[in-house]
1. Can you pull out the residues in the stretch 22-71 that are touching a Cys at 6+ places or on another chain (Cβ under 9 Å), among the hydrophobic types (A, V, I, L, M, F, W, C) and either more than 20 Å from Val150 (Cβ to Cβ) or not in a helix (DSSP H, G or I) (or both)?
2. Evaluate the following for Lys177: is it at pLDDT 95 or above and charged (D, E, K, R)?
3. Can we say Pro178 is part of a loop (DSSP other than H, G, I, E, B) and more than 13 Å from the chain's Cα centre (by Cα)?
4. Being surrounded by fewer than 22 Cβ atoms within 10 Å (Cβ to Cβ) and within 21 Å of Ala147 (Cα to Cα) is the requirement here; does Thr8 meet it?
5. Filter the stretch 193-243 down to residues that are in a helix (DSSP H, G or I), modelled with pLDDT under 95 and among the aliphatic types (A, V, I, L, M) and give me whichever is nearest to Ala149 (Cα to Cα).
6. Going by the conditions given, is Val126 in the same structural domain as Pro58 (by TED's automatic domain parsing), touching a strand residue (DSSP E or B) at 6+ places or on another chain (Cβ under 8 Å) and not hydroxyl-bearing (Ser, Thr, Tyr)?
7. Only one of Glu94, Glu134, Glu122 is acidic (Asp, Glu) and under 23 Å from Pro179 (Cβ atoms). Can you tell me which?
8. Can you tell me which residue is surrounded by the fewest Cβ atoms within 10 Å (Cβ to Cβ) among those in the stretch 140-174 that are of a type in the set (D, E, K, R) and not in a helix (DSSP H, G or I)?
Amino acid sequence: MSKYAMITDYLVRFLDDEVRKTGLDSVVLGLSGGIDSAVVAVLAHKAFGDNLLCVKMPSHYSSQSSLDDADELIAKFGMRAVTCDISPLLKAYENDTMSNLRKGNFSARMRMATLFDVSADEGALVLGTSNKSELMLGYGTLFGDLASAVNPIGDLYKSEVFELARYLGVPDSIVNKPPSADLWAGQSDEEELGYSYAELDAVLRAYVEERRTKEMLLDNGYDPKLIDLIITRIYRNQFKRKMPVIAKLTSRTINHDFNYPRDITL
């Protein structure tokens, strides 16, 4: 069995187990036309079939190609899908003084608010679509795309997501296009980060998985600016990877010492 066949088998069983232990048997996810949500959608479809609902949430900033790519995936795998246009939500709030970053963050949060409302209507759990590269670098919107109940790809680097997508049969139109959150016209993930995901993942793996020090990375010939960017972003954005910090006042405090090694069951 190949590496990605084993990963697929594990993640499908992971999704089934983690969702059903909540008492639910349905899931929803935001389908953007990008590679991360496409991979999670295919995995979830394998686990839940028609109990998966893909939610497309375009705005007036969305590219038509992203919508077309999402529709191609839906048609290929026979997935259930609905469209919830978030343009009215954005237009009711945004103004000419807002930067692209503010507009992008607000868009991400409106999409997640919409997705959680759909999940309430469906009696379903919200699936996350952030990969490990994004999570480690803090490249995501708190309470936006980083919000979810279960995330099956959060321990896969972006370069691994590309490989898994090819294994799963995600359409080439999605696999081969430059990564973008599609939050404003011409937005590019790699341009914003300043490096390709291949370059980022090489240093991330060495620093996180192999536990090489900054000095070791420099000795290995990695770009000093890239090393500094990664280390700085990992530590600066730790708060995005945690539940809100609670001030300890009692003998047992959530996320301090009210923790269990296994799920609590009644």
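The values are calculated or read from the model by the stated rules, or taken from the named source; none is laboratory data. Not measured: the values here are computed from a predicted model. Cβ: placed from backbone, ideal geometry, glycine included. Neighbour counts: every protein chain shown.
1. Keep residues of the stretch 22-71 that are touching a Cys at 6+ places or on another chain (Cβ under 9 Å), which gives 28-31, 37, 41, 44-45, 55-58, 70.
Checking the rest, the ones that are also among the hydrophobic types (A, V, I, L, M, F, W, C) come to 28-29, 31, 41, 44, 55, 57, 70.
Scanning the stretch 22-71 gives Val28, Leu29, Leu31, Val55, Met57, Ala70.
2. Details: at pLDDT 95 or above: no; charged (D, E, K, R): yes.
Spelling it out, it is not the case that Lys177 is at pLDDT 95 or above and charged (D, E, K, R).
3. Details: part of a loop (DSSP other than H, G, I, E, B): yes; more than 13 Å from the chain's Cα centre (by Cα): yes.
It is true that Pro178 is part of a loop (DSSP other than H, G, I, E, B) and more than 13 Å from the chain's Cα centre (by Cα).
4. Values: surrounded by fewer than 22 Cβ atoms within 10 Å (Cβ to Cβ): yes; within 21 Å of Ala147 (Cα to Cα): no.
No.
5. Leu193
6. Details: in the same structural domain as Pro58 (by TED's automatic domain parsing): yes; touching a strand residue (DSSP E or B) at 6+ places or on another chain (Cβ under 8 Å): yes; not hydroxyl-bearing (Ser, Thr, Tyr): yes.
Yes.
7. Glu134
8. Going through the stretch 140-174, the residues of a type in the set (D, E, K, R) turn out to be 145, 155, 158, 160, 163, 166, 172.
Checking which are not in a helix (DSSP H, G or I) leaves us with 145, 155.
On the way: Asp145: 26, Asp155: 12.
Selected residue: Asp155.
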